1. With the requirement that a residue be buried (at least 16 other Cβ atoms within 10 Å of the Cβ), part of a helix (DSSP H, G or I), in contact with a strand residue (DSSP E or B) (Cβ under 8 Å, 6 or more places away or on another chain) and among the hydrophobic types (A, V, I, L, M, F, W, C), what does region 70-98 give you?
2. Kindly evaluate PHE210 against the criterion of being surrounded by 15 or more Cβ atoms within 10 Å (Cβ to Cβ), modelled with pLDDT of 90 or more and not basic (Lys, Arg).
3. Six or more apart or on different chains, Cβ atoms under 7 Å: show the pairs whose first residue is in region 189-206 and within 11 Å of PHE235 (Cβ to Cβ) and whose second is among the aromatic types (Phe, Trp, Tyr) and not in a strand (DSSP E or B).
4. Do the conditions hold for ILE109, that is, is it within 28 Å of LEU207 (Cα to Cα), assigned to a loop (DSSP other than H, G, I, E, B) and not hydroxyl-bearing (Ser, Thr, Tyr)?
5. Give just the number: which of (1) assigned to a strand (DSSP E or B); (2) touching a helix residue (DSSP H, G or I) at 6+ places or on another chain (Cβ under 9 Å); (3) within 27 Å of PHE173 (Cβ to Cβ) does TYR102 not satisfy?
6. When you scan region 114-174 for strands (runs of 3 or more DSSP E) that lie fully inside it, which ones turn up with 1 or more residues that are free of Cβ contacts under 8 Å to residues at least 40 places away in the same chain, among the aromatic types (Phe, Trp, Tyr) and over 15 Å from LEU222 (Cα atoms)?
7. Does ASP141 meet the test of being among the acidic types (Asp, Glu), in contact with a strand residue (DSSP E or B) (Cβ under 8 Å, 6 or more places away or on another chain) and in the same structural domain as GLN183 (by TED's automatic domain parsing)?
Amino acid sequence: MRFCLEFDLEHNEIPLDYRSCILSYFKNAFLNYDKDIYEKLYHNDNPIIKPFTFSVYLGKADFGYKIISLNDKRIKLNFSTSNPEYGINFYNAMLKMRFISYPFGSNSINMQKFNIVKEKIITQNHVLVKTMSPVVLRKHDREKNFDTYYGFNEDGYLDVLRMNIFSSAKNFFDFDIKADIDQLEIIPIEIKETKVFYHGHKIKGSLGKFVILGKTYLLDYLVKAGIGARRSQGFGMVDLEGEVRN
């Protein structure tokens, strides 16, 4: 399920780390909608892997040291999930937030429009996608509690990407998907590296277009739930540009 939300801003400056503000908005919406769902998603000792991703369209913007200056006092949020139950809960939670002002750093946002977006059906095993938010490839060292981020131009990126996909997707299928993920292929078409400010740090991400080759059920999951790591924190959202026939 895919949605598009449009927000008015009190003024035209937002924090550089605006993704954290969006997550705060989501948490507040679920807390007001259903405390049990909120506890399941965000507040227990072992938070679940979330089958969603989002991106924010800012329009023309000037990125400063801590602040982003916008040309317009409006932002657009795109949200996608592979789980219909989660999508329905998100829809109901967001409806209760419409026309309500909510803090957004030193600014505030107020949702004006909330639309369901028609999704494209995947029938082929090759798809061309375009990033809507940076794809983050993350390798975590548990012993050192340290993250290493990869770009699409670095050796080993595909292994890290497959690892990130398996880590999230295995929770949403009732059969072993490891072999299918090991066979996934990524062909970069137009990729550029970017640095994104998140939780006080700059992390590496990739933007552009690439072809994904794999089983149709996995392609459908990736387009709906996002690609790579930190998807539920506003990374890895893609738009299906088209199918590539053999």
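The values are calculated or read from the model by the stated rules, or taken from the named source; none is laboratory data. Predicted, not measured: the structure shown is a model, and the values here were computed from it. Because the Cβ atoms are built from the backbone with ideal geometry, glycine has one as well, and the counts that use them run over all protein chains shown.
1. Scanning region 70-98 gives PHE90, MET94.
2. Values: surrounded by 15 or more Cβ atoms within 10 Å (Cβ to Cβ): yes; modelled with pLDDT of 90 or more: yes; not basic (Lys, Arg): yes.
So PHE210 fits the description; yes.
3. What qualifies is GLY205/PHE235; SER206/PHE152.
4. Details: within 28 Å of LEU207 (Cα to Cα): yes; assigned to a loop (DSSP other than H, G, I, E, B): no; not hydroxyl-bearing (Ser, Thr, Tyr): yes.
So ILE109 fails the test.
5. The failed condition is (3).
6. Numbers: elements: 126-131, 137-141, 146-150.
The strands (runs of 3 or more DSSP E) meeting that bar are 146-150.
7. Working: among the acidic types (Asp, Glu): yes; in contact with a strand residue (DSSP E or B) (Cβ under 8 Å, 6 or more places away or on another chain): yes; in the same structural domain as GLN183 (by TED's automatic domain parsing): yes.
The answer is yes for ASP141.
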